[in-house]
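What follows is a short report on a single structure.
FYI, it's all coordinate maths here, none of it is from the lab. A quick note: this is a predicted structure, and the numbers were derived from the prediction, not measured. Because the Cβ atoms are built from the backbone with ideal geometry, glycine has one as well, and the counts that use them run over all protein chains shown.
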Amino acid sequence: MTSYTAPLRDMRFVLHELFDVTGKLSPLPGFEEVGAEVMDAVLEECAKLCQEVLHPLNQSGDQEGCVFKDGNVTVPKGFKDAYQQYAAGGWCGLTASPEYGGQGLPESLDCLVAEMVGSANLSLGLYPGLTQGTIITLTALGTDEQKNSYLPKLISGEWQGTMCLTEAHAGSDLGLLRTKAAPNKDGSFNISGTKIFISSGEHDLTENIIHLVLARLEDAPEGSRGISMFLVPKVLLKEDGSLGARNNVTAGSIEHKMGMSASVTCVMNFDNAKGWLVGQPHKGLAGMFVMMNKERLFVGGQGISIAELSYQNATAYAKERLQGRAADGVACPDKAADPIIVHPDIRNRLMFSRSIIEAERALSVWTNMQADISHKHPDKSVRQKADDMVGLMTPIVKAASTDFGSEIANSCLQVFGGHGYIREYGMEQMVRDVRITQIYEGTNAIQAMDLVGRKLGLDNGRLYKGWLDEVEETLIRVSGRNDMSEFSGPLRDAVERLKECTQWLFEDAKNDPNSRNAAACDYLRLFSLTVFAWIWTLMAEAAFAKANSSEAFYDTKIHVGLYFMRRVLPQTTGLDSIIRAGSEPMMALTEVAF
Ligand SMILES: Cc1cc2nc3c(=O)[nH]c(=O)nc-3n(C[C@H](O)[C@H](O)[C@H](O)COP(=O)(O)OP(=O)(O)OC[C@H]3O[C@@H](n4cnc5c(N)ncnc54)[C@H](O)[C@@H]3O)c2cc1C
């Protein structure tokens with residue numbers, strides 16, 4: 001049996017002491033009432049729900065899974081009731097507009113809520129996680145009629161949302177998709193085709209499911225410029241908005257998966273299903289990116305969720321399990337052996353996990369705070385700068401947090417030795433559950449290519465240079481301070497390494513068409529670790545500001561930060577060399593030699 005305690009102290013540190021989120025957001029229209037007490041109360045309420053209701057269903061949900069029969073899906077025992085409690089608490093519409101019944105709270109708070117929900121129960125959390133993306137997309141692109149008809153019920157959680165992109169022959173390359181949309185005289189469309197791997201495509205949690213579907217109009221150009229987005233409800237609405245006839249969209253089967261078995265994944269058949277265009281014709285992929293950008297940050301959060309859960313359970317086990325003796329002197333002479341937490345290898349796994357998780361959490365809040373600023377700030381140039389930072393950091397939050405999420409879950413399983421491999425202990429579920437986060441919402445290789453091939457060079461490097469300016473500001477502020485030297489020095493070196501490596505990559509790409517893609521994943525990791533070094537410098541600065549506090553939290557924070565700077569950041573040196581090896585080592589063999 002696993003346990004979960006929401007890391008509220010660290011979350012409050014990030015929100016209030018590190019970034020002063022309320023100080024930055026409360027002057028913005030719509031956030032006037034969002035003070036620190038409101039944020040803390042929301043986090044505490046969510047923590048209770050996660051610890052008492054959602055987490056106790058995590059292992060039973062995994063063992064039971066979803067059941068498919070006659071086109072219907074039944075979620076595991078207890079899920080429906082837990083979901084209803086979740087919806088009744090207003091959690092589905094936390095960031096949605098109050099105009100449609102939402103709470104209008106910031107994304108920077110919501111990402112912490114989502115982290116807790118994901119730690120408690122990753123599968124259950126995905127259902128409302130997709131609804132939120134649907135809400136955001138309809139709010140941005142829907143007609144007034146669509147907003148009035150669908151948003152209130154999605155926000156209340158009575159209905160749930162999905163994203164239907166993938167087809168058997170069209171995954172990363174959505175330009176290949178074939179689902180068709182034919183216009184009707186009444187302004188609706190008939191949607192026909194088969195989508196695969198659709199999360200929450202069919203289930204009994206809610207009375208209606210609202211699918212956002214990518215399809216091609218009859219006159220559509222080929223490729224990704226010929227895709228439109230449609231709203232296709234499972235149950236059609238009557239004139240008065242109440243539920244009417246069943247639409248022709250059905251689940252053909254469900255997938256039997258490696259993990260997240262309580263989150264249903266469906267083959268969805270659209271057989272002249274009635275749908276309505278959302279946004280402009282042929283602009284559906286750009287429209288879907290409204291949802292994907294939200295979901296990419298959400299999925300990054302899922303990586304943090306499982307890393308945190310793994311870390312907590314591995315730490316508890318390491319303090320209890322007695323094996324061997326400490327090399328530097330017996331720790332527990334009254335016991336047959338010392339707890340394994342005395343051993344450097346176990347320490348190293350826990351310290352590595354913690355130093356990454358805390359940096360990721362802070363980066364996630366910072367990026368989501370930029371999203372809040374980009375939505376609400378009255379000054380256009382401030383909005384643009386914040387939006388740039390969201391664009392640059394989205395592939396990093398998504399890919400780095402999920403790659404490390406998987407790595408940390410695996411490493412924490414190792415802390416349990418053979419017991420980690422046994423179901424009852426719950427660690428193998430974490431390894432299985434988190435694995436998908438590296439794949440869906442665009443595989444991490446696709447994220448890395450987005451960073452290297454698109455975001456870095458965008459508008460003459462505006463996004464990248466904007467972030468470098470932020471780092472330079474930090475360095476100017478802290479350099480010369482003795483207490484900060486173990487942070488500012490390595491950060492300065494890492495940023496110089498990143499700049500030189502980026503320059504090298506741009507030069508190499510002039511001569512080698514494979515250069516960027518060959519470097520992409522290693523470059524994303526190099527970039528991520530450099531970003532974490534910046535985040536750790538900020539966290540150390542905030543912790544040193546409380547040097548006189550009697551709370552051990554700040555001293556611990558500095559130690560974890562020093563671990564990162566001394567034992568994790570040096571990976572960037574190796575990554576730099578690997579990137580500079582270019583594409584030749586991997587491209588040299590002919591295909592037949594494999
Ligand atoms: C459990 C689960 C839930 C899902 N939920 C949803 C959902 O709700 N809605 C939805 O629409 N989809 C969903 N998906 C689909 C998911 O988003 C895709 O599986 C994913 O985008 C990858 O597509 P693919 O599986 O077709 O792999 P492919 O695109 O075939 O990729 C195979 C491999 O090739 C690599 N690759 C592909 N193209 C390139 C390239 N140009 N350069 C370098 N490498 C490349 C990939 O990184 C990957 O490693 C889900 C999938 C799963 C398994």
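Over the range 192-273, what is the relative contact order in whole percent, taking alpha-carbon pairs under 8 Å and six or more residues apart?
40 percent
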Measure out, as a whole number of angstrom, how far apart the alpha-carbon centroids of the range 82-135 and the range 554-594 sit.
35 Å
Rounded to whole angstrom, the alpha-carbon centroid of the range 421-495 lies from that of the range 275-340 at a distance of 16 Å
Any idea what the dipole of the chain comes to, in debye rounded to 20, about its Cα centre with Lys/Arg Cβ at +1 and Asp/Glu Cβ at -1?
640 debye
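Can you give the relative contact order of the chain as a percent, counting alpha carbon pairs under 8 Å and 6+ residues apart?
Numbers: 1040 pairs, mean separation 75.1, N = 594.
It comes to 13 percent, rounded to a whole number.
Suppose every K and R has +1 on its Cβ and every D and E has -1 on its Cβ; what is the size of the dipole of the range 455-587 about the Cα centre, in Debye to the nearest 20? Present the calculation step by step, with values, prior to reporting the outcome.
Values: 16 positive and 19 negative charges, 31 e Å.
Value, rounded to 20: 140 debye.
Set the bar at 18 Å for Cα to Cα. Now go through Lys385/Lys455; Lys294/Lys376; Lys185/Lys274; Lys80/Lys398; Lys283/Lys380; Lys147/Lys238 and name every pair that lies beyond it. Each step should come with its number before you reach the end.
Values: Lys385/Lys455 14 Å; Lys294/Lys376 16 Å; Lys185/Lys274 12 Å; Lys80/Lys398 29 Å; Lys283/Lys380 24 Å; Lys147/Lys238 15 Å.
Long pairs (Cα-Cα over 18 Å): Lys80/Lys398; Lys283/Lys380.
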Tilt relative to the chain, helix 458-478 - C-alpha long axis, 0 to 90 degrees, to 10
30 degrees
Within the under-10-Å Cβ sphere about Ile578, not counting Ile578, Lys/Arg +1 and Asp/Glu -1 give a net charge of 0
What is the sum of charges around Gly187, taking Lys and Arg as +1, Asp and Glu as -1, for the other residues whose C-beta is under 15 Å from the C-beta of Gly187?
-2
Sorted peptide list for 15-21, 548-554, 394-400, criterion being average Cβ within 10 angstrom, highest first
394-400, 15-21, 548-554
